[in-house]
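Reading through the C-alpha cells given below for one structure.
The values are calculated or read from the model by the stated rules, or taken from the named source; none is laboratory data. Computed from a predicted structure; not experimentally measured. FYI the Cβ positions are ideal-geometry reconstructions off the backbone, even for glycines, and counts take in every protein chain you see.
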C-alpha cells in the first residue's frame, strides 16, 4: 500500500471513528508501538497510555468532527494538519472546543501507522 493523500484522508476518517467508538482493536493496528503524542496539557502520551484510556472508559467522545486542512507527503511519511471539533471527557474532566492537530503517518511493511503528533486547543 503506497502512501497517498487519498489514503491518508481515508485513514484520518477511520481514526476519528475509532477514537469516537473507542475501537481498541483498530487503534492498536493503526498506532505505531513507539508512538509519541503531545497532549494539550503538555503530557507525552504513548500508544499504551492511549489504548489504556480507551479500554478503561476514561476517554469518552460524544462529538468528534474533523476537518483536514493540509496533507504533505514526504517520501514514505505524511504530515497532516487538521482541526477537531470535540466534546467529551477524559478522566471525568470535560473536553470541549476546537483543537488543532498535527499528526505524522509513516508507511511500514505492515501498513501506514501514526508515529507522532500533538494538539492544542484553539
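I'd like to check which strands (runs of 3 or more DSSP E) are fully inside region 37-122 and have at least 1 residues that are touching a helix residue (DSSP H, G or I) at 6+ places or on another chain (Cβ under 8 Å).
Values: elements: 44-46, 59-74, 77-90, 93-108, 111-121.
Hits in region 37-122: 59-74, 77-90, 93-108, 111-121.
Could you tell me whether region 29-38 includes any residue that is over 13 Å from the mean Cα position of the chain (by Cα) and in contact (Cβ under 8 Å) with a residue 40 or more places away in the chain? The answer is yes, given that some residue of region 29-38 is over 13 Å from the mean Cα position of the chain (by Cα) and in contact (Cβ under 8 Å) with a residue 40 or more places away in the chain. Among the conditions (1) assigned to a strand (DSSP E or B); (2) out of contact with any strand residue (DSSP E or B) (no Cβ under 7 Å at 6 or more places or on another chain), residue 29 misses just one, which is (1).
The rows are residues; the columns are (1) closer than 20 Å to residue 45 by Cα; (2) within 16 Å of the chain's Cα centre (by Cα); (3) surrounded by 17 or more Cβ atoms within 10 Å (Cβ to Cβ); (4) at pLDDT below 95.
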{"position": "76", "(1), (2), (3), (4)": "no, no, no, no"}
{"position": "94", "(1), (2), (3), (4)": "yes, no, no, yes"}
{"position": "100", "(1), (2), (3), (4)": "yes, yes, no, no"}
{"position": "103", "(1), (2), (3), (4)": "yes, yes, yes, no"}
{"position": "108", "(1), (2), (3), (4)": "no, no, no, no"}
{"position": "117", "(1), (2), (3), (4)": "yes, yes, yes, no"}
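Reported count of residues in region 58-92, each being more than 18 Å from residue 20 (Cβ to Cβ) and either out of contact with any strand residue (DSSP E or B) (no Cβ under 9 Å at 6 or more places or on another chain) or free of Cβ contacts under 8 Å to residues at least 40 places away in the same chain (or both), is 8.
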